[in-house]
Amino acid sequence: MDKQSTEKKVQPQYQGKIHQMQKALMARWMAELEQAAENHEPTACLLVAGSNLSMLLGCLGIHQVYPELNALQLAIRKQSLPYIQIAEERGYSTDVCSYVKADVGAFFDGNVSSLGTKLPQPTLVLSCFSGCNVYIKWFEHIAAYTGAPLYVIDVPFIRSGNDPCPEDIDYVVSQLKEVIGICEKMSGKKLDYDELRERLTYAREVERLWLEIKELTKNIPSPYDDYFDCITLMGPMVVFRGTREGVEFFQTAKKEFEERVRLKIGPLPEEKFRIVVESAPPYPYFRTFRDLFSKWGACAVGATYTTPQPPDFLHDPERPLESLAEYPIRIFTNRGLDQRYELLRRYVTERSADALIIHSVKSCRLFSVGHGDMREYFSKTLNIPTLMLESDLEDPRYFSEAQMKNRVDAFFEVLEHKKYLAGKAQAVREGQSGVS
Amino acid sequence: MDFDGLVAQCREILEEHPWQEIQRWKEKTGGKAAGYFPVYSPLELIYGNGMLPVGVMGGGNKIEIERADSYFGSFVCSIVKSTTELALRGELQLLDGIFFHSICDAARNLCYVFKRNFSSDRFVEYIHFPQNPSSPSAVVYLISELKRICHVLEEANGRRMSEENFKRSIHAYNENRALIQRLYKIKAESPHLLSTPEAYQLIRVGSALPPEEHSSILRTALEEIPKRRARPRDKIRVILEGSFCEQPPVELLEALDEAGCYIIDDDLLLGRRWFEREIPLDGDPIRALAESYIDRSRYSSVSHDWRRPRSERLIERARQAQATAVVFCIAKFCEPALLDYPLFKDALEREGIPHVMLEFEEKMWTFDKLRTEIETFVESILFD
Ligand code: SF4
Ligand code: SF4
C-alpha cells in the first residue's frame, strides 16, 4: 500500500481546523443568545432564507434567533420526536411540516435550545419566506404564541426566467424600508448606512469564498462532501455572513480544502462514486444516512440544499437595500422546479457526477412535490442514474433503515456494474486505438 | 324550469359533460379558454380579454388516479394528483392556457410540472399574489403583476385588452358575485329553503360558463326558491371552514345535511366569492382590481393579512352567521388548512364555540363513518 492511500484511510472525513472554528463560532453565538435572553435584549426571529437581514438587524443591535436551526439541532441530536408529539397534541396534523411541529413543541416545553440553553423571546417576528409558504404560517404561529409583532416580507417568486423583475425588487425594498422603521423604533437607534455597507462588504467576501469553495468539488477526489460536510459550513454562513470572523472562517476553510486538493485527499478512503443530492437530509438519522453512501465510496459533489448562496449573486455594498432585497428573491427555493432541475443538471455535468440522489422529504412539499417528475426527467430524459428515497428531515418515524439500505445497496450495485462495463469498454477502445 | 329541475340540470352538466359547455362556447364565439386552478384567479382579466375562464377543480370522485401518482410524493393532496391525471388523459385539451397561484407549495410545484409536461400547445402561468397587504407597496406590486398577466393573455389571444371590455367583465363578475351572495343570504336566513349541496351545484356550474350565462341560471334559481315548500327542521347551524381549494364530494355535503347540520356559510368555491364588496368601476380597472384584492377580499388560509388575524375573522363569521358550531372540512394533506387549524381551534375554544374536524379526499365515495361522526357531534350539541 502506498503512502498516500494510508493517509487517506486515516482520514474518514475532514476534521481540520475549521471544524473547531465552526464549533467555537456557533458556541459563541449560542452564548450571546443566552445573554440576550437574560437581559431581555431585542431579538428577532428570522428564517435562514432571509438570514442576510442579520446584517441589517446587527447594525441596530437586534439579535437573531432561527427556529429552523433549532429544529435542525433538535433532530440531529435525536430530540425532535417528543416535541413533534407535543405539537400534535395541540392540533397540528401528522401530515404538516415537522420542522414547524418540533419548533412549536420546543417552544411550549420551555423554549430551550438543543444544548439546553435558554433562547430569548422574540421582540419581532420577521418572516422573509423565499418560496416556502409554510414559513408564513410558522412565523404567524410564533407571533401568536409569543405576542411579538409580526412582519411578513413578501418575496415574489421568480415566475419565469432567471432574474427577478425590477418591480419585484422595488416591492421588497419598500418593505425593507418599513422593517427598518420598525426596528429603529424598537432599538432606539438610527440605521448607520456606513456600518451596513461594511457588513455587506464582509458578506460579499464570504460569498465569494463560499462559491470558490464550492467549485473545488470539481476536483477528483472532491476535497470534502458537498452535502454531509457542507451542512457544517452552513451555520457560519447563516450566522456570520456579514462579519470579519465569517471572512476568516471561510478563508481558512478554502485554504484547508485547497491543500486537500493538492494532496488529493477526499473525505473517504476512496472516492468511487460522485453523487449529487437533492433536498434536505433525514436529520434524526444523519449519521446512518451518511454511512449508507460512504460504504459505497460515494461522495457528494453538489446539492441543492447546500446552495444557500445563489451562484449568480453577491451582496453589493453600493446597492445596500437593493441587494438585501435581491438575495431572498434569488435563492433557489424561490424559483420554479425548472430552475432547480437546471441547477442539479449543472452540478451533475460540471462536477462529473455519476448519479443523482433524491431524498424526498415527506412533510416538506416545497422539496417533495414533483420529485417523481424530477426522477423521470433525470433518468429518462437526461439518462442520469437517479435514486429516489423517502423519509423526513425531522420526524424519525418516517425513517426505515432496512428499506433505505436495500434501495441504496441495490442502486450502487447496478451503478458499480455499469461502471465496470464502461471501464472495460473503454479499455477495449483504447487497446484498439493503440493507446497503452 | 322549477328549482329542482334546475339543480338537476346543473348536476348533470357537472357530472356528465362539463366540457361540452366549453366546446359549445368556443365554437359559438371562436374564442379561447383559459383554465384556472383554485383559489382566486383574476377572472375579470381573463374574461375581459375575451377568453373563457374555466375552473380546473380536480377530478372529483369520478376518476381513478393511475399515472399521476408517479409524479408526486405520497404526501400530497388529491387535487394536485387528479389535475395531473386529467392532463395526462388529455381531458384538458380544450384549454389554451392555465393559471396557477401562490396558494401553497404543492400547487406552485404543480404549476412547474405542468410547464414541463403540458405546455407545448398552451401557456402555463404562475401568479404571485401579495402576502403582505399591510404594506402600501403591495398594491403597486399587484398592479405590475396584473399587467404582466394582461400581457400573457394578450399574447396568447392575439388581441389587445380594451378598457371598455375589461370594465364590462368586472361588471359581469360583480353582478355574478352579488347573485351568489343572495343565495348565501337565503342559506343563512331560511336554510330549509336552500341546502348547501344545492347552492354548491348552482354555483359550481359557473366554473364552465361565461358569467352572464351563469348569472341567468342564478336569477332563475332565486325566482324559484321562494316557491319551494319546505319546513324548518331541527338542525344545528354550522359554518364550514377549510374547503377553499380541493372540493369535497357533493355526497359529503349531503351527508352533513342529513346528519343534522344547516351549513349557513362555507368556503367552498371561494374564488367565486373572493370579493366581499363590488370592484369599483370608476377609474383605472387594473388599479381597482388590485386594490380590491388588498382591501375587499375574503380571508382565507391561502392569503395572509396580519392586519386582522384569520382566527378573529373566523370568530366574527361564526357570530354573524349565528352559528352554533364550526365544522372543519379539510382536504387530506392540505397544508394551508391543516396549519391554520391549531390557531383556529385555540380561538374557538377561547370563545366557547364547539367545533369538529373532518378530513376528506375528493375521491372518497363512502360517507357512513363520517355521517355517524357528525350525528354524534350534532347530538352532543342538541342535548347539551
Ligand atoms: S416546508 Fe420545507 S422548507 Fe418549509 S419550513 Fe418545512 S421543511 Fe422548511
Ligand atoms: S388542497 Fe390545499 S394543499 Fe392541495 S393544492 Fe389546494 S391549497 Fe394546496
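If you go through the range B:26-41 one residue at a time, do you hit one that is within 16 Å of ligand 2 (Cβ to nearest atom) and either of a type in the set (S, T, N, Q) or open to solvent by 20 Å² or more (accessible area, probe 1.4 Å) (or both)? Even if it seems obvious, please write down each step before you answer.
To start, the set of residues in the range B:26-41 that are within 16 Å of ligand 2 (Cβ to nearest atom) comprises B:35-41.
The next check asks that each one be either of a type in the set (S, T, N, Q) or open to solvent by 20 Å² or more (accessible area, probe 1.4 Å) (or both); those that pass are B:41.
Yes, the range B:26-41 contains a residue that is within 16 Å of ligand 2 (Cβ to nearest atom) and either of a type in the set (S, T, N, Q) or open to solvent by 20 Å² or more (accessible area, probe 1.4 Å) (or both).
Do you know which residues across the range A:148-194 are part of a helix (DSSP H, G or I), more than 8 Å from chain B (Cβ to nearest Cβ) and among the charged types (D, E, K, R)? Write out each step before concluding.
Pass one, the range A:148-194, residues part of a helix (DSSP H, G or I): A:166-187, A:193-194.
Still in the running and more than 8 Å from chain B (Cβ to nearest Cβ): A:166, A:169, A:172-173, A:176-177, A:179-187, A:193-194.
The answer is A:Lys177, A:Glu184, A:Lys185, A:Asp194.
For the condition part of a loop (DSSP other than H, G, I, E, B) and modelled with pLDDT of 95 or more, what is the one hit in A:Arg262, A:Arg241?
A:Arg241
Output the residues belonging to the range B:349-381 that are open to solvent by less than 50 Å² (accessible area, probe 1.4 Å) and acidic (Asp, Glu).
Within the range B:349-381, B:Glu362 is the sole residue that qualifies.
Those residues that are facing another protein chain (nearest Cβ under 8 Å) and either of a type in the set (Gly, Ala, Ser) or over 20 Å from the mean Cα position of the chain (by Cα) (or both), I need them from the range B:81-108; list them, please.
B:Ser102, B:Ala106
Kindly check whether there is at least one residue in the range B:110-119 that is crowded, with 24+ Cβ neighbours inside 10 Å, under 26 Å from A:Ile153 (Cβ atoms), in contact with a Pro (Cβ under 9 Å, 6 or more places away or on another chain) and within 12 Å of chain A (Cβ to nearest Cβ).
no
Can you say whether B:Ser162 is within 14 Å of chain A (Cβ to nearest Cβ) and either open to solvent by 10 Å² or more (accessible area, probe 1.4 Å) or touching a helix residue (DSSP H, G or I) at 6+ places or on another chain (Cβ under 9 Å) (or both), as far as the supplied structure shows?
Details: within 14 Å of chain A (Cβ to nearest Cβ): no; either open to solvent by 10 Å² or more (accessible area, probe 1.4 Å) or touching a helix residue (DSSP H, G or I) at 6+ places or on another chain (Cβ under 9 Å) (or both): yes.
Considered against the rule, which asks whether it is within 14 Å of chain A (Cβ to nearest Cβ) and either open to solvent by 10 Å² or more (accessible area, probe 1.4 Å) or touching a helix residue (DSSP H, G or I) at 6+ places or on another chain (Cβ under 9 Å) (or both), B:Ser162 comes out as no.
Which one is surrounded by the most Cβ atoms within 10 Å (Cβ to Cβ) among residues in the range A:314-344 that are hydrophobic (A, V, I, L, M, F, W, C) and within 15 Å of ligand 1 (Cβ to nearest atom)?
Only one residue fits best here, namely A:Ile331.
Looking at the structure I just gave you, is A:Asn70 open to solvent by less than 40 Å² (accessible area, probe 1.4 Å) and more than 16 Å from ligand 1 (Cβ to nearest atom)?
Taking the combined requirement at face value, the residue does not satisfy it.
Taking into account only those residues within the range B:83-94 that are surrounded by fewer than 24 Cβ atoms within 10 Å (Cβ to Cβ) and in contact (Cβ under 8 Å) with a residue 40 or more places away in the chain, which is nearest to ligand 1 (Cβ to nearest atom)?
Going through the qualifying residues, I end up with B:Leu92.
Among (1) surrounded by fewer than 24 Cβ atoms within 10 Å (Cβ to Cβ); (2) more than 16 Å from ligand 1 (Cβ to nearest atom); (3) modelled with pLDDT of 95 or more, where does B:Ile65 come up short?
(3)
Looking only at residues in the range B:125-140 that are open to solvent by less than 10 Å² (accessible area, probe 1.4 Å) and without any contact (Cβ under 8 Å) to a residue 40 or more places away in the chain, which one is farthest from ligand 1 (Cβ to nearest atom)?
The qualifying residue farthest from ligand 1 (Cβ to nearest atom) is B:Ser135.
Could you say which residue among B:Ile143, B:Ile149, B:Ile170, B:Ile180 is part of a helix (DSSP H, G or I) and either without any contact (Cβ under 8 Å) to a residue 12 or more places away in the chain or surrounded by 23 or more Cβ atoms within 10 Å (Cβ to Cβ) (or both)?
Working: B:Ile143 fails: either without any contact (Cβ under 8 Å) to a residue 12 or more places away in the chain or surrounded by 23 or more Cβ atoms within 10 Å (Cβ to Cβ) (or both); B:Ile149 fails: either without any contact (Cβ under 8 Å) to a residue 12 or more places away in the chain or surrounded by 23 or more Cβ atoms within 10 Å (Cβ to Cβ) (or both); B:Ile180 fails: either without any contact (Cβ under 8 Å) to a residue 12 or more places away in the chain or surrounded by 23 or more Cβ atoms within 10 Å (Cβ to Cβ) (or both).
Of the residues listed, the single one that is part of a helix (DSSP H, G or I) and either without any contact (Cβ under 8 Å) to a residue 12 or more places away in the chain or surrounded by 23 or more Cβ atoms within 10 Å (Cβ to Cβ) (or both) is B:Ile170.
So which of A:Thr232, A:Thr252 ends up being among the hydroxyl-bearing types (Ser, Thr, Tyr) and at pLDDT below 95? Full working, then the answer.
Working: A:Thr252 fails: at pLDDT below 95.
The match here is A:Thr232.
For the range A:134-164, which residues satisfy the criterion of being modelled with pLDDT under 95 and within 16 Å of ligand 2 (Cβ to nearest atom)?
Within the range A:134-164, no residue meets the criteria.
Can you name the residue in the range A:345-380 that is in a loop (DSSP other than H, G, I, E, B) and away from ligand 1 (no atom under 16 Å from the Cβ) and is also surrounded by the fewest Cβ atoms within 10 Å (Cβ to Cβ) among such residues? If you could, list the steps in order and put the result at the bottom.
Of the residues in the range A:345-380, the ones in a loop (DSSP other than H, G, I, E, B) are A:351-354, A:362-364, A:369-370.
Still in the running and away from ligand 1 (no atom under 16 Å from the Cβ): A:351-354.
Working: A:Arg351: 21, A:Ser352: 13, A:Ala353: 25, A:Asp354: 19.
The selected residue is A:Ser352.
Can you find a residue in the range A:361-369 that is more than 20 Å from A:Arg407 (Cα to Cα), within 14 Å of another protein chain (Cβ to nearest Cβ) and charged (D, E, K, R)?
To start, the set of residues in the range A:361-369 that are more than 20 Å from A:Arg407 (Cα to Cα) comprises A:363-367, A:369.
Now narrow it down to the ones that are within 14 Å of another protein chain (Cβ to nearest Cβ): A:363-367, A:369.
Adding the requirement that they be charged (D, E, K, R) leaves A:365.
Within the range A:361-369 (the criterion being more than 20 Å from A:Arg407 (Cα to Cα), within 14 Å of another protein chain (Cβ to nearest Cβ) and charged (D, E, K, R)), the answer is yes, since at least one residue qualifies.
Could you count how many residues in the range A:112-147 are on the phi < 0 side of the Ramachandran plot, open to solvent by less than 10 Å² (accessible area, probe 1.4 Å) and assigned to a loop (DSSP other than H, G, I, E, B)?
3
Go through the range A:279-313 and give me each residue that's away from chain B (no Cβ under 14 Å), of a type in the set (A, V, I, L, M) and either within 16 Å of ligand 1 (Cβ to nearest atom) or within 17 Å of the chain's Cα centre (by Cα) (or both).
A:Ala300, A:Val301, A:Ala303
Kindly indicate which of B:Arg11, B:Arg67 is over 30 Å from B:Glu164 (Cβ atoms), in contact (Cβ under 8 Å) with a residue 12 or more places away in the chain, within 14 Å of chain A (Cβ to nearest Cβ) and more than 16 Å from ligand 2 (Cβ to nearest atom). Steps first, please.
Details: B:Arg11 fails: within 14 Å of chain A (Cβ to nearest Cβ).
Within the list B:Arg11, B:Arg67, the selection yields B:Arg67.
Does the range A:103-123 contain any residue that is among the acidic types (Asp, Glu) and away from ligand 1 (no atom under 16 Å from the Cβ)?
Scanning the range A:103-123, I find at least one residue that is among the acidic types (Asp, Glu) and away from ligand 1 (no atom under 16 Å from the Cβ), so the answer is yes.
The values are calculated or read from the model by the stated rules, or taken from the named source; none is laboratory data. The model shown is predicted, which means the values in this text are computed figures rather than measured ones. Note that each Cβ is placed from the backbone with ideal geometry, even for glycine, and that neighbours are counted across all protein chains shown. Accessible surface is based on the protein model in full, side chains and every heavy atom, while ligands, DNA and RNA are left aside. Shrake-Rupley method; radii C 1.70, N 1.55, O 1.52, S 1.80 Å.
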